[in-house]
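Just below is one structure, and these are the notes that go with it.
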Amino acid sequence: MVQLDGWSWPLELGDEPPAERDRPLTFHWRPRTGETLNSSVFTSMQGTDREISRQHIIAEAMLAHEEGRYVSYSRRKAFYTGRRRYHGTAFTYTNVLSCVEELLRQGLIEEERASPGNLGWQSRFRASTKLAEACSDVEFHHKLIGLIFLKDADGNLVDYQDTDATIRMTRELRAINADLASLRVELPGPDVVRSRHHIVVDGAYYRPTKGALYRIFNRRSFALGGRAFGWWQNLPSRWRRRLVIDGEPVVEPDFAQLHPSLLYALCGCRLDGDAYETGEFSREHGKLAFNVALNTKTPQGTIAALANKPRWTLSRAQTADLLAALARRNAPIAGYLHADRGIALMNIDSRITVRAVRRCIAVGIPVLPVHDSMLTPRRYESRVAEIMEESAEFVLKRPKPCRVNVSSPTVPHMPGGGCLSPPFLPRQLVLFRDLPSPRDFGGQIRLLRRTFGFSQASLAAKLGCRQPHVANVESGRHRLGEWARLRLRDLFRDAEARRE
């Protein structure tokens, strides 16, 4: 199982919560401003790299203490080379090792040191009782230093030179994170255990932070990987769907068969039906086998990888037959199976996700991305699905390459029909529930827009579309979608309230 970040743990199908894994030392946690004055364990050398390093180590020891865990760290000098963009200037071999030694002498941490040359193991430390008592009332906060991560083929972080592209992506994420930080994300329920810095569900610990995304690219290439990560993504799906954003329950519209759909679009074809259904094996087996095959280099590698899955029930011969059936079912894209294409597809879906998040923010819709889906309050589901599909069109330059699943065809808690009937408007301004002809409907929108002083451009901005689309709706050439009609109703209702 691969660790995705420094404060929560991903759970794959069949995995148990990692009760005994150590937390890595990340330098992403520190005491809140002013907290250092309230505890005797912090020195007076405020602002120096040495004291900053000490604060990070204490913070992460205390956070791990809440879970009953250790913090692992490296004693190899080479490990700290090229990592300052990810962990800050205080993250050096000298600072870390000298602060660990100092905290050991003071009895604030306990250490288990790995023997030199013991491959696969790192030294580790944990908070002592003395430190736990001294910091019992200290609050710690999380802050990402780098937002664009680059890893080598072995999954190790590597340094890189900034380019126009990395600067643009960093600026993009900072703007997104500024909006996500304003969201109030909660996980309610009597079966959710909360400590000072964690929530605990099904025995697994998660560290909620202010909404912040970072992207991870792979194999030393910014054309591979690049998915955006946030702490909520590590929650199992059934728990994610219990999240509440700004007091509203969420739904999770998701792309249907995302990677098969992307491959068909790249080949200039359209996916008809279900790429995972072979008529010979279960869809569950077909889906897992297809997605594993996208990330291996040979059929033999695919079979071996599937055989190692905890819940894989087919024999090797049956698995080979399943892979052959998938290739026949998906003949236009069969050449992409066992060709290590998955990591390149992740780069495409990451660009779709980032664009969709930006578009949602532009029209005032709160979202939390999860690779091939979005968490959003239920009333925005239809519009978010539209934005996701539009973003796929934009990135792939193909008409409707992907389809988004929604929980229901209409948005709950809204009047049926999705048209405008505000009781405060005079009769001639009501947008009829039986949806008149496009020309009559557009004429009513034009009259309402002028009545409340909106220009076509300002109305388009509020609806999340462009001015020519509003012009086409008013002339009867286009229709408004369901979400846009609901949004229009709310806009005119608010405008009427301001006039009174």
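Within the stretch 300-308, is there a residue that is without any contact (Cβ under 8 Å) to a residue 12 or more places away in the chain and in a loop (DSSP other than H, G, I, E, B)? Within the stretch 300-308, one or more residues are without any contact (Cβ under 8 Å) to a residue 12 or more places away in the chain and in a loop (DSSP other than H, G, I, E, B).
Considering only residues that are of a type outside the set (A, V, I, L, M) and not in a helix (DSSP H, G or I), look in the stretch 325-346 and name the one that is most open to solvent (accessible area, probe 1.4 Å). It would help to see each step written out before you state the result.
Initially, the stretch 325-346 is screened for residues of a type outside the set (A, V, I, L, M), giving 328-330, 332, 335-336, 338, 340-342.
If we keep only those that are not in a helix (DSSP H, G or I) as well, we get 330, 338, 340-341.
Numbers: N330: 0, H338: 37, D340: 31, R341: 82 Å².
In this case the residue turns out to be R341.
For A307, the conditions (1) over 26 Å from the mean Cα position of the chain (by Cα); (2) surrounded by 16 or more Cβ atoms within 10 Å (Cβ to Cβ); (3) more than 23 Å from A223 (Cβ to Cβ) all hold with the exception of (2). Scanning the stretch 357-392 for residues that are part of a loop (DSSP other than H, G, I, E, B) and under 13 Å from L258 (Cβ atoms) turns up V370, H371, D372.
Taken over the stretch 347-366, the criterion of being crowded, with 24+ Cβ neighbours inside 10 Å and closer than 18 Å to K462 by Cβ is satisfied by C360 alone. The set of residues from the stretch 269-290 being free of Cβ contacts under 8 Å to residues at least 40 places away in the same chain, of a type outside the set (D, E, K, R) and under 24 Å from K397 (Cα atoms) comprises L271, G273. Which one is modelled with the lowest pLDDT among residues in the stretch 62-119 that are in a helix (DSSP H, G or I), farther than 18 Å from C135 by Cβ and of a type in the set (A, V, I, L, M)? If we take residues in the stretch 62-119 being in a helix (DSSP H, G or I), farther than 18 Å from C135 by Cβ and of a type in the set (A, V, I, L, M), then A78 is modelled with the lowest pLDDT. Applying a threshold of 7 Å to beta carbon distances and a minimum spacing of six or more residues, or different chains, the list of pairs starting in the stretch 309-338 at a residue that is farther than 18 Å from D274 by Cα and ending at one that is assigned to a loop (DSSP other than H, G, I, E, B) and among the basic types (K, R) reads H338/K297.
Among the residues of the stretch 367-386, those that are open to solvent by 40 Å² or more (accessible area, probe 1.4 Å) and more than 16 Å from the chain's Cα centre (by Cα) comprise R378, R379, E386.
Give the stretch 155-173 a look and list any residue that's within 30 Å of V363 (Cα to Cα) and either at pLDDT below 95 or of a type in the set (D, E) (or both), or say none. Passing the criteria: D164, E172. For the stretch 67-100, the tally of residues that are within 32 Å of the chain's Cα centre (by Cα), farther than 22 Å from L119 by Cα and open to solvent by less than 60 Å² (accessible area, probe 1.4 Å) stands at 6. Restricting E110, E51, E67, E139 to those that are free of Cβ contacts under 8 Å to residues at least 12 places away in the same chain, among the charged types (D, E, K, R) and under 29 Å from P208 (Cβ atoms) reduces the list to E51. In the set (1) out of contact with any strand residue (DSSP E or B) (no Cβ under 7 Å at 6 or more places or on another chain); (2) farther than 30 Å from H65 by Cα, the condition left unmet by F217 is number (1). Exactly one residue among A256, A293 is touching a residue at least 24 places away in the same chain (Cβ under 8 Å), hydrophobic (A, V, I, L, M, F, W, C) and under 30 Å from V384 (Cα atoms), and that residue is A256. Among the residues of the stretch 116-139, those that are under 19 Å from E101 (Cβ atoms) and either of a type outside the set (K, R) or open to solvent by 70 Å² or more (accessible area, probe 1.4 Å) (or both) comprise P116, Q122, S123, F125, R126, A127, S128, K130, L131, A134.
Of the candidates L322, L314, the single residue that is assigned to a loop (DSSP other than H, G, I, E, B), open to solvent by less than 40 Å² (accessible area, probe 1.4 Å) and touching a His at 6+ places or on another chain (Cβ under 7 Å) is L314. So, T302, is that one touching a helix residue (DSSP H, G or I) at 6+ places or on another chain (Cβ under 8 Å), surrounded by 21 or more Cβ atoms within 10 Å (Cβ to Cβ) and over 17 Å from R341 (Cα atoms) or not? The answer is no for T302.
Can you confirm whether G286 is surrounded by fewer than 18 Cβ atoms within 10 Å (Cβ to Cβ) and modelled with pLDDT of 95 or more? Before you say what the answer is, go through the steps one by one.
Values: surrounded by fewer than 18 Cβ atoms within 10 Å (Cβ to Cβ): no; modelled with pLDDT of 95 or more: yes.
So G286 fails the test.
Considering only residues that are part of a helix (DSSP H, G or I) and either surrounded by fewer than 16 Cβ atoms within 10 Å (Cβ to Cβ) or small (G, A, S) (or both), which ones fall in the stretch 473-491? Write out each step before concluding.
Of all residues in the stretch 473-491, those part of a helix (DSSP H, G or I) come to 473-475, 482-491.
Selection gives S475, A484, D490.
Please note which strands (runs of 3 or more DSSP E) are completely contained in the stretch 142-260 and include at least 2 residues that are open to solvent by 20 Å² or more (accessible area, probe 1.4 Å). Talk me through it step by step, then tell me what you get.
Values: elements: 148-150, 199-201, 204-206, 214-218, 221-229, 248-251.
Filter on the stretch 142-260 gives 221-229, 248-251.
The values are calculated or read from the model by the stated rules, or taken from the named source; none is laboratory data. Bear in mind the structure is a predicted one, so any value in this text is a computation, not a measurement. As a convention, Cβ positions derive from the backbone with ideal geometry for all residues, glycine included, and neighbour counts pool all protein chains shown. Please note that ligands, DNA and RNA were not included when accessible areas were found on the heavy atoms of the full protein model with its side chains. Shrake-Rupley method; radii C 1.70, N 1.55, O 1.52, S 1.80 Å.
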